Amino acid sequence: MKTPDHKPAANAELLEELAAKYGTPFWIWDAEVLRARIEAVVSTTNATGVQARYAMKASPATRILKEMRSAGVWIDAVSGNEVLRARRAGYAEGNNPPEICLTADVFRDNAMDAVLTEGVLPNVGSPGMVADLEKAGYTGPISLRVNPGFGHGHVNECDTGGPSSKHGVWITEANRVREAAETAGMRVVMLHAHIGSGPQFEELYENLTHLANEFAEIVPTFQDLEGVSLGGGIPHDYRNADADIPVERLREVFESAQKKLSEVAGRELRLEIEPGRFYVAPAACLVTRVTDVKDTQSNAKGEGVRFAMVDAGFVDLVRPAMYGSYHRITLPAAEGREESPVVVAGPLCESGDVFTRDDSEMLQPRELPTPQTGDLMVMHDGGAYGYAMASNYNSVGRAPQLWWELDGTVVPFTRRETIEDILKLEEG
Ligand SMILES: Cc1ncc(COP(=O)(O)O)c(C=O)c1O
């Protein structure tokens, strides 16, 4: 598929209007881009016995969840509060069908309550969690997350499968955990793994096929099984907005996995996937203002660089600081301006508050139209794990999220966080 252009992000006049109204930084979502991505995933699961979920941790706002729900996409939640957010967005309680699945490595806060009172399907990621459920008096169905021994995410820090990954039950232990669950009166109705995709599509096809084959080995002993989840991890190309993404090929991978697993089980199984990033990554941009441009000089310690100081920081978009992730940067009003290498840095009292880093976390000056104080700058593809990972570190309030609709209207769906919001949690 080709992803539509993020139209508001290229509209310098509109962005200035929005900046005047809402201040900077702000997030701008493009409904057309989001719907195109949802449609692309849904078309890969448009086959008998195949179901898509949305890993809502990527962007959990009600506005986004409602788009998913109206497209028939179910939810993968990872906390009790995510379950409650999904419920408020209209997703059904219970597990018949399990519209909400709760994948947890540990039950904390209200996660156990969400299982007991909302009846959502718990996806258990460690053997002790079966004992936790038993202690809580739960005797409903469960899903079992396994670690198949391979896989990784978009960067190596995202260690989703293998000996050094904390997620899931080692695959050879799965039957032992099933027996413990059955002894405690629980049925294992789903087997699950999220191995990540790696950054390339070829690796994704191979990993998913390999995973389906691993599951086929253990499926026959899981007599109560109703479904198998291959997890998420469809990659997004952060460097190339025009990439023609071969997502259509996944339909065949999912269909043949569903058939094969049903065959070895001797009955129809549901095949699930639960991407997060792919649906939302290109749908939101972070818009920030250049507040200054300054240079350091070369000396014995290193080379001088040009800094563009902006009013967004890693409190808004942490991925570059956390993983050295690349986000395209544009200056919509600076087209045709001469380019020069620039380091883009934010307002936080942290030297690591820099958006242009490489994957070994070193500064990586970017060739950009030389920024000037007052320019608006757009950081692209922040819809996944952007606002969702934002914080109010330095007591900087989270930036608002705005929604651009195809008719050109723009409405805020998350307001800017204020000092009152921040102080609300303090007691005494
Ligand atoms: C259990 C689980 N499922 C799905 C996902 C979604 O992964 P992605 O956003 O890369 O598709 C994640 C991400 O961390 C996850 O932990």
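The values are calculated or read from the model by the stated rules, or taken from the named source; none is laboratory data. Quick caveat, the model's predicted, so the values are computed rather than measured. Every residue, glycine as well, gets a Cβ built from its backbone with ideal geometry; the counts of neighbours run over all protein chains shown.
A few points about this structure:
- Screening 130, 124 for residues that are crowded, with 22+ Cβ neighbours inside 10 Å and away from the ligand (no atom under 15 Å from the Cβ) leaves exactly one candidate, 130.
- Annotation note: of 278, 307, the sole residue that is out of contact with any Phe, Trp or Tyr (no Cβ under 9 Å at 6 or more places or on another chain), within 16 Å of the ligand (Cβ to nearest atom) and not in a loop (DSSP other than H, G, I, E, B) is 278.
- Residue within the stretch 35-44 that is of a type in the set (Lys, Arg) and either over 24 Å from residue 246 (Cα atoms) or not in a loop (DSSP other than H, G, I, E, B) (or both) present: yes
- The residues in the stretch 211-242 that are assigned to a loop (DSSP other than H, G, I, E, B) and either within 16 Å of the ligand (Cβ to nearest atom) or over 23 Å from the mean Cα position of the chain (by Cα) (or both) can be counted, and the count is 14.
- The set of residues in the stretch 12-26 that are in contact with a Pro (Cβ under 7 Å, 6 or more places away or on another chain) and not in a helix (DSSP H, G or I) contains only 26.
- For the stretch 184-218, the set of residues classified as among the small types (Gly, Ala, Ser) and either outside the structural domain of residue 268 (by TED's automatic domain parsing) or within 18 Å of residue 170 (Cα to Cα) (or both) consists of 193, 196, 212, 216, listed by residue number.
- Residues within the stretch 281-299 that are touching a strand residue (DSSP E or B) at 6+ places or on another chain (Cβ under 9 Å) and more than 16 Å from the ligand (Cβ to nearest atom), tallied: 12
- Residue that is within 16 Å of the ligand (Cβ to nearest atom) and basic (Lys, Arg), where the choices are 87, 63, 108: 108
- Single residue of 409, 414 found to be surrounded by fewer than 20 Cβ atoms within 10 Å (Cβ to Cβ), more than 24 Å from the chain's Cα centre (by Cα) and either within 16 Å of the ligand (Cβ to nearest atom) or within 23 Å of residue 36 (Cα to Cα) (or both): 409
- Here residue 261 meets the list (1) within 16 Å of the ligand (Cβ to nearest atom); (2) crowded, with 21+ Cβ neighbours inside 10 Å; (3) not in a loop (DSSP other than H, G, I, E, B) almost entirely, failing just condition (1).
- Qualifying position, being more than 16 Å from the ligand (Cβ to nearest atom) and either among the hydroxyl-bearing types (Ser, Thr, Tyr) or assigned to a helix (DSSP H, G or I) (or both), among 268, 248: 248
- Among residues of the stretch 157-173 that are at positive phi, those with a Cβ under 6 angstrom from a residue that is at pLDDT 90 or above and within 11 Å of the ligand (Cβ to nearest atom), sequence gap 6+ or separate chain, pair up as 168/125; 168/145.
- Every test in (1) of a type in the set (D, E, K, R); (2) within 16 Å of the ligand (Cβ to nearest atom); (3) in contact with an Asp or Glu (Cβ under 6 Å, 6 or more places away or on another chain) is passed by residue 118 save one, and that test is (2).
- Of the residues making up the stretch 224-241, just one is among the β-branched types (Val, Ile, Thr) and touching a residue at least 60 places away in the same chain (Cβ under 8 Å), namely 234.
- Candidates are the residues of the stretch 163-210 that are of a type in the set (Val, Ile, Thr) and at pLDDT 90 or above; the one that is nearest to the ligand (Cβ to nearest atom) is 169.
- Checking each residue in the stretch 70-84 for being within 14 Å of the ligand (Cβ to nearest atom), in a loop (DSSP other than H, G, I, E, B) and among the hydrophobic types (A, V, I, L, M, F, W, C) picks out 73, 78.
- Some residue of the stretch 406-415 being more than 25 Å from residue 82 (Cα to Cα), touching a Lys or Arg at 6+ places or on another chain (Cβ under 6 Å) and not β-branched (Val, Ile, Thr): no
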